[in-house]
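The values are calculated or read from the model by the stated rules, or taken from the named source; none is laboratory data. Not measured: the values here are computed from a predicted model. As a convention, Cβ positions derive from the backbone with ideal geometry for all residues, glycine included, and neighbour counts pool all protein chains shown. For the accessible areas, the whole protein counts, side chains as well, though only heavy atoms, and no ligand, DNA or RNA atoms are used. Shrake-Rupley method; radii C 1.70, N 1.55, O 1.52, S 1.80 Å.
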Amino acid sequence: MAVVRRLFASVAATAAETQAERSGDQVVPHANVVMDRGFDVPGTPAQVWPWLVQLGKERGGWYLPRRVERVVPPARRATRVVDPRWQGLAVGERIPDYGGPEEYFEAVEVEPPGPTGAHLVYRSQRGRVQVSWAITLTPTGAGTRVHLRLRLGEVRRVRLAESLGELVDALSIAGMAAGLRERVGEPTDLS
């Protein structure tokens with residue numbers, strides 16, 4: 001149980017983050033499941049942004065720390081460089097996702113870094129469940145706060161989504177946070 005508590009704590013959103021309205025909340029306005037995660041990355045929003053816009057299957061992948069990626073087949077590992085091919089994410093672009101050949105995330109808001117931060121908002125449809133996923137970057141004194149909000153609408157088994165779904169989400173985001181921290185700290189080549 002202590003491991004699970006540490007895992008959740010490593011990506012816990014603050015009370016203020018969970019209560020605040022976010023870009024993307026209007027995409028699934030009547031969500032019956034909402035999951036908020038947050039973590040810090042030692043880099044500016046401008047340094048974190050290139051890594052986030054290239055997330056996804058058939059793009060930069062889904063980041064994991066190096067020690068975990070060692071057991072992932074090489075063809076399924078995420079990139080460890082910022083790739084210029086994936087830096088032009090545009091509203092309306094569909095990013096393939098795992099879970100089936102028809103699964104995707106569609107970019108609905110793409111706001112690059114400015115003085116107050118940056119955000120990306122995606123939407124998807126998984127069967128009858130409406131999905132939005134918002135990623136917000138906020139500058140802090142020590143780097144960047146990354147906040148992620150997953151909103152699900154028309155979920156039939158809410159308790160299952162809030163228990164097993166929360167665990168899977170926390171595992172996924174904890175892995176992504178650790179992998180992102182490693183990558184932001186490494187030199188990048190945008191040539």
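Numerical summary
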{"item": "Residue tally, condition of a type in the set (D, E, K, R) and open to solvent by 70 Å² or more (accessible area, probe 1.4 Å), over segment 51-72", "result": "4"}
{"item": "Residues that are open to solvent by 40 Å² or more (accessible area, probe 1.4 Å) and touching a residue at least 24 places away in the same chain (Cβ under 8 Å), drawn from segment 97-114", "result": "TYR98, GLY99, GLU109, GLU111, PRO112, PRO113"}
{"item": "Members of segment 132-165 found to be in a strand (DSSP E or B), of a type in the set (A, V, I, L, M) and surrounded by fewer than 19 Cβ atoms within 10 Å (Cβ to Cβ), listed by number", "result": "none"}
{"item": "Segment 108-136, subset over 29 Å from ARG156 (Cβ atoms) and small (Gly, Ala, Ser), residue nearest to the chain's Cα centre (by Cα)", "result": "ALA118"}
{"item": "Pair list, Cβ < 7 Å and 6+ apart or interchain, from segment 59-76 residues that are under 26 Å from GLU106 (Cβ atoms) to residues that are outside any helix (DSSP H, G or I) and open to solvent by 60 Å² or more (accessible area, probe 1.4 Å)", "result": "GLY61/ARG77"}
{"item": "Test: residue in segment 77-86 that is buried (at least 19 other Cβ atoms within 10 Å of the Cβ) and either in a strand (DSSP E or B) or modelled with pLDDT of 95 or more (or both)", "result": "no"}
{"item": "Residue count for segment 18-48, restricted to those that are open to solvent by less than 30 Å² (accessible area, probe 1.4 Å), out of contact with any Leu (no Cβ under 6 Å at 6 or more places or on another chain) and part of a helix (DSSP H, G or I)", "result": "0"}
{"item": "Conditions (1) closer than 23 Å to PRO29 by Cα; (2) crowded, with 19+ Cβ neighbours inside 10 Å: number failed by LEU180", "result": "(1)"}
